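The values are calculated or read from the model by the stated rules, or taken from the named source; none is laboratory data. Note that the structure is predicted; figures quoted are calculated from it, not measured. Backbone-built Cβ (ideal geometry, glycine too); neighbour counts: all protein chains shown. Heads up: the accessible areas ignore ligands, DNA and RNA and are worked out on the full protein's heavy atoms, side chains in. Shrake-Rupley method; radii C 1.70, N 1.55, O 1.52, S 1.80 Å.
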Amino acid sequence: QVQLVESGGSLVQPGGSLRLSCAASGSIISIYRMGWYRQAPGRQRELVAAITSGGSTNYADSVKGRFTISRDNAKNTVYLQMNSLKPEDTAAYYCNTVALVAGGPSRGDYWGKGTLVTVSS
C-alpha cells in the first residue's frame, strides 16, 4: 500500500554531516505525519524527529540544535539534515509515516527498511 525508501546513510567522521531522504509512494491519499526513528544495537527504537503535514516539528532532546527535519509535500518526501554528528548517533535510521491510503485504515502506520548511519573515526 505504501512504500518508503530511505537513502543517505553512510560512514562519517565525528563532527561531520549527512542528509537522509525518504520518499513515500503507493496509493497515498493523504500524509499526516512523517518522521525518523533510529535503533542502535541492543537498544530500543526511538523517535529522532517528526514533522506534520502542517509543518510542526518535534525532536529528541539528544538531537536538538544538530538535526533538522523537513519535507516536500508535493513529492511525499521527508529529509533529515544531520550536523555535528557524534558516535552515539550511530544507528539504523528508519523512516515512518502516518497516512491515509486507498483501502487502508484511516491512519495507517508505515515503515521503511532503514538506512545505516555510522559515526566513527
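Yes or no, residue by residue, for (1) within 14 Å of Val2 (Cβ to Cβ); (2) touching an Asp or Glu at 6+ places or on another chain (Cβ under 6 Å); (3) open to solvent by less than 70 Å² (accessible area, probe 1.4 Å):
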position: Arg66; (1), (2), (3): no, no, yes
position: Arg71; (1), (2), (3): no, no, yes
position: Val78; (1), (2), (3): yes, no, yes
position: Met82; (1), (2), (3): no, no, yes
position: Lys86; (1), (2), (3): no, no, no
position: Cys95; (1), (2), (3): yes, yes, yes
position: Gly112; (1), (2), (3): yes, yes, yes
position: Leu116; (1), (2), (3): no, no, no
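Pairs only if they're at least six apart or on different chains, beta carbon under 7 angstrom, first in the stretch 52-63 and more than 14 Å from Tyr79 (Cβ to Cβ), second at pLDDT below 95 and open to solvent by less than 50 Å² (accessible area, probe 1.4 Å); list them, first residue then second. Qualifying pairs under 7 Å: Ser53/Ile31. Filtered by the rule that a residue be out of contact with any Pro (no Cβ under 9 Å at 6 or more places or on another chain), open to solvent by 30 Å² or more (accessible area, probe 1.4 Å) and not small (Gly, Ala, Ser), the stretch 1-25 gives Gln1, Gln3, Val5, Leu11, Gln13, Arg19. Evaluating Glu46 against the criteria (1) buried (at least 18 other Cβ atoms within 10 Å of the Cβ); (2) touching a Lys or Arg at 6+ places or on another chain (Cβ under 9 Å) leaves one unmet condition, (1).
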